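Enquirer: Okay, handing you the structure first.
The values are calculated or read from the model by the stated rules, or taken from the named source; none is laboratory data. Here the structure is a predicted model, which is why all the values come from computation and not from measurement. For neighbour counting, all protein chains shown are included, and Cβ atoms are generated from backbone atoms with ideal geometry for every residue, glycine included. When the accessible area is computed, the model is the full protein with side chains, heavy atoms only, and any ligands, DNA or RNA have been set aside. Shrake-Rupley method; radii C 1.70, N 1.55, O 1.52, S 1.80 Å.
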Amino acid sequence: MEVEVKLRLPDAEAHRRVTSLLFPHLLRTDRQENLFFDGAGGELSSRRAVLRLRFYNGDSRCIASLKARAVLVDGISRVEEDEEELDPVKCRECVADPGKMGSMDSRVLRRCREEFGVGEFVGLGGFGNVRDVHEWKGLTLEVDETKYEFGTCYEIECESSDPEAVKKVIEEFLKDNGIDYKYSEKSKFATFRSGKLPE
């Protein structure tokens, strides 16, 4: 189970202010390409699951993630997640031809086939994300700039086993610096599928 605090920033200026304030704590910047897949018969989506291939900094890494039964309430996301690092070259071949996923040796893809009954994979598209990762007050804060075809969203994420306490610390930081925010109400994937930015 992945548990994360997710706070949405209203615009590019708020994002710039947050990243400027956190810059002394920057560990790295990841340029992510997120591509999503389902079964041809909707086998994953019909059971509130999704398969994602995430490429890092071009093709330096690829992580396959199977996420299921996501719940996002008051800025706290809980989702069942199974991740596995895969060969980025083979994953690019699967993006070009999702049919190749059926024969790829992978625990995550095998779960899609065996547990969810996916016979044939289909691509759903995806989006890019620039993630600044900061080590701040003992927390790993991820500040995202997510670019969809229909616009850009900005968000702060922090994985934690004590999300209420972490949310309070982040909210105090934002309030102390006069930075507006809202609790995220949708995952990035849900925003992508809706085809419009959150209000």
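Enquirer: Which value in Å is the Kirkwood Rh of the stretch 95-199 over different Cα pairs?
Expert: The Cα-based Kirkwood calculation yields 16.7 Å.
Enquirer: For the stretch 1-124, with every protein chain kept in place, what is the accessible area per residue (1.4 Å probe, Å²)?
Expert: Averaged over the residues of the stretch 1-124, the accessible area is 49 Å².
Enquirer: Each residue of the stretch 67-80 in order: what ³J(HN,Hα) in whole Hz does its phi give by Karplus 6.51 cos²θ - 1.76 cosθ + 1.60, θ = phi - 60°, with x for Gly and Pro?
Expert: 10, 9, 6, 6, 10, 10, 9, 6, x, 10, 9, 10, 8, 6
Enquirer: Tell me, what % of the accessible area of the chain is carbon and sulfur with a 1.4 angstrom probe?
Expert: The computed percentage sits at 47.
Enquirer: Provide the gained length on full extension for the span residue 80 to residue 171, in nm with one decimal, where the gain is 0.36 nm per separating residue minus the Cα-Cα distance.
Expert: Working it through step by step, the gained length comes to 30.2 nm.
Enquirer: Here is a further query. Using only the Cα atoms, what convex hull volume per residue in Å³ does the chain have?
Expert: Dividing the Cα hull volume of the chain by its residues yields 117 Å³.
Enquirer: In whole Hz and in residue order, list the ³J(HN,Hα) couplings for the stretch 121-132 that follow from phi through the Karplus curve 6.51 cos²θ - 1.76 cosθ + 1.60, θ = phi - 60°; x for Gly and Pro.
Expert: 8, 10, x, 10, x, x, 7, x, 8, 9, 10, 8
Enquirer: Run the dipole for the stretch 47-199 about the Cα centre, Lys and Arg Cβ at +1, Asp and Glu Cβ at -1, nothing else charged, and hand back the magnitude in debye, nearest 20.
Expert: 580 debye
Enquirer: Could you list which residues have their amide H under 5 Å from that of residue 38, counting only those 5 or more apart in sequence or on another chain, with H placed in the peptide plane?
Expert: 122, 124
Enquirer: Taking θ = phi - 60°, what integer Hz values does the Karplus form 6.51 cos²θ - 1.76 cosθ + 1.60 yield along the stretch 188-193, in sequence order, with x for Gly and Pro?
Expert: My calculation for the stretch 188-193 gives 4, 5, 5, 5, 4, 5 Hz in order.
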